[in-house]
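First up is the structure itself, then whatever we jot down about it.
The values are calculated or read from the model by the stated rules, or taken from the named source; none is laboratory data. These numbers come from a predicted model, not from an experiment. As a convention, Cβ positions derive from the backbone with ideal geometry for all residues, glycine included, and neighbour counts pool all protein chains shown. Only protein heavy atoms, including side chains, enter the accessible area calculation; ligands, DNA and RNA are left aside. Shrake-Rupley method; radii C 1.70, N 1.55, O 1.52, S 1.80 Å.
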Amino acid sequence: MKKLSLFIFLLLSIAKVSACSCMGMSLSQNYQDADVIGVIKIVKVYGQSKEYRMYKADIQFEKVFKGKAFKTIRVSGVIGKSSSAACEMNLKPKERYLIFLDKSGNDHFVTFCTPKSKLQNIATENEHSRFEHLGKKISYLEENKSGFQDLQFATCYEKTPTGNKSDLSKISDFSPKQQFAVYKVKVNNLSEIQEVTPIAGFGSKEETIKNILKTKFKVDVSRTSSEAEQKEFLLFFCYDKESIEDPDSEVVYSD
């Protein structure tokens with residue numbers, strides 16, 4: 001499952017724009033920011049405005065993970081002549097995307113920095129398991145969103161790795177009651193974790209997890225859009241039982 005998560009993460013072309021510099025947000029934060037998440041197919045592109053460098057695309061939803069399907073998106077660029085350097089997108093009929101869409105006014109806009117993954121034009125056999133795992137993550141986040149309290153998701157990393165697995169993946173006698181968990185953390189000026197509060201924890205070895213996070217891990221604030229004074233974040237963790245016997249894969253990892 002770790003490989004499936006990496007597939008989704010690496011292919012998501014990431015949100016937040018600054019002179020078309022796209023900031024890499026976590027999967028969980030992309031979920032939180034999006035109104036609609038799904039797999040779409042481009043049906044046609046039309047309605048071009050060269051003056052405003054904008055056009056429309058009719059889409060077909062093949063799968064919806066969050067929100068409701070709709071028919072048309074507005075796309076930054078000029079049909080066939082869009083510039084990624086200007087954060088523009090050149091969408092073509094029959095193309096398919098896993099996409100995270102945020103609504104502005106009455107429309108959903110797509111730019112180069114919209115979180116998305118370009119898929120094969122024809123669905124592959126591997127997509128089913130990948131999207132099944134993604135769907136479980138999103139369902140879990142939806143079920144527990146009342147506890148997020150408008151905080152931003154971040155990821156974390158081990159300050160001084162020892163081997164291919166982090167200390168979280170080395171916890172002995174770990175029997176989580178669920179595959180996912182969300183923790184609220186407070187950090188200091190060095191992004192070191194000072195406090196840990198389970199929002200929806202694993203239900204196993206919680207004190208051990210708290211201790212490891214506070215002593216071994218830091219929050220990656222570079223992948224957030226938070227203000228400098230923000231000191232509280234949410235961390236989303238996944239448990240991959242299949243990786244227990246794999247010496248090179250994490251069993252518990254931040255996503």
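Brief remarks follow.
- Residues of region 164-199 that are within 24 Å of the chain's Cα centre (by Cα), of a type outside the set (D, E, K, R) and part of a strand (DSSP E or B): PHE180, ALA181, VAL182, TYR183, VAL185, VAL187, ILE193, VAL196, THR197, PRO198, ILE199.
- The residue that is most open to solvent (accessible area, probe 1.4 Å), counting only those in region 18-47 that are within 12 Å of LEU91 (Cβ to Cβ) and not aliphatic (A, V, I, L, M), is LYS44.
- Looking across region 74-126 at every residue that is in contact with a helix residue (DSSP H, G or I) (Cβ under 6 Å, 6 or more places away or on another chain) and of a type in the set (A, V, I, L, M, F, W, C), the one that is surrounded by the most Cβ atoms within 10 Å (Cβ to Cβ) is identified as PHE100.
- Residues that are polar (S, T, N, Q) number at least 2 in the following strands (runs of 3 or more DSSP E) confined to region 52-163: 72-76.
- A search for C-beta distances below 7 Å between a residue of region 151-168 that is free of Cβ contacts under 8 Å to residues at least 60 places away in the same chain and any residue that is of a type in the set (Val, Ile, Thr), counting only pairs 6+ apart in sequence or on different chains, returns ASP167/ILE212.
- The one condition from (1) under 29 Å from CYS20 (Cα atoms); (2) at pLDDT below 90; (3) in contact with a strand residue (DSSP E or B) (Cβ under 6 Å, 6 or more places away or on another chain) that GLY147 does not meet is (1).
For (1) assigned to a loop (DSSP other than H, G, I, E, B); (2) surrounded by 15 or more Cβ atoms within 10 Å (Cβ to Cβ), each residue gets a yes or a no:
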{"position": "SER204", "(1), (2)": "yes, yes"}
{"position": "ILE209", "(1), (2)": "no, yes"}
{"position": "ILE212", "(1), (2)": "no, yes"}
{"position": "PHE233", "(1), (2)": "no, yes"}
{"position": "GLU242", "(1), (2)": "no, no"}
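- From SER76, SER84, residue being touching a residue at least 40 places away in the same chain (Cβ under 8 Å) and among the polar types (S, T, N, Q): SER84
- Meets criteria (closer than 25 Å to GLU242 by Cα and out of contact with any strand residue (DSSP E or B) (no Cβ under 8 Å at 6 or more places or on another chain)) for SER222: no
- Enumeration of residues in region 127-160 that are small (Gly, Ala, Ser), over 18 Å from ASP35 (Cβ atoms) and surrounded by fewer than 16 Cβ atoms within 10 Å (Cβ to Cβ): SER129, GLY147
- The number of residues in region 163-201 that are open to solvent by 70 Å² or more (accessible area, probe 1.4 Å) and touching a Cys at 6+ places or on another chain (Cβ under 9 Å) comes to 0.
- Pairs with Cβ under 6 Å, 6+ apart, first in region 172-201 and farther than 17 Å from GLN152 by Cβ, second in a loop (DSSP other than H, G, I, E, B) and among the hydroxyl-bearing types (Ser, Thr, Tyr): PHE174/SER204; SER175/SER204; PRO176/SER204
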